[in-house]
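The values are calculated or read from the model by the stated rules, or taken from the named source; none is laboratory data. Predicted, not measured: the structure shown is a model, and the values here were computed from it. Cβ: placed from backbone, ideal geometry, glycine included. Neighbour counts: every protein chain shown.
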């Protein structure tokens, strides 16, 4: 069984039978290490597909750490002008581990 879910417009593929599977997602500013996050945007669960998302399904993940990815080096160079510039950039990320996957979960919505 495999589960596809979406976080900030990017899709991730989760295999429940695979142990210690971690994901490096875009930086989540308001989280701390050890905190739990709920993901409601489940695209597919095995052979069942949502339109666009499955209702009553969610993944619960735990924040492992915040970090920086490998540095990307950018070079600017203009020949015969003695101009060169070297820049570097490191993207921030949040490492998460999926703790539980729940299906048929009742959503608490305001029904007014």
Could you check residue 84 against (1) over 23 Å from residue 11 (Cα atoms); (2) at pLDDT below 90; (3) surrounded by 10 or more Cβ atoms within 10 Å (Cβ to Cβ) and say which number it fails?
-> (2)
Grab the strands (runs of 3 or more DSSP E) fully contained in region 1-55, keeping just those with 2 or more residues being under 25 Å from residue 91 (Cβ atoms).
-> 3-7, 10-14, 22-26, 36-39
Note on region 1-17: residues under 16 Å from residue 62 (Cβ atoms) and without any contact (Cβ under 8 Å) to a residue 24 or more places away in the chain are 12
Taking region 58-90 and keeping residues outside any strand (DSSP E or B), on the phi < 0 side of the Ramachandran plot and free of Cβ contacts under 8 Å to residues at least 40 places away in the same chain leaves 70, 71, 79, 81, 90
Test for residue 49: is it without any contact (Cβ under 8 Å) to a residue 12 or more places away in the chain, surrounded by 12 or more Cβ atoms within 10 Å (Cβ to Cβ) and over 17 Å from residue 67 (Cα atoms) | yes
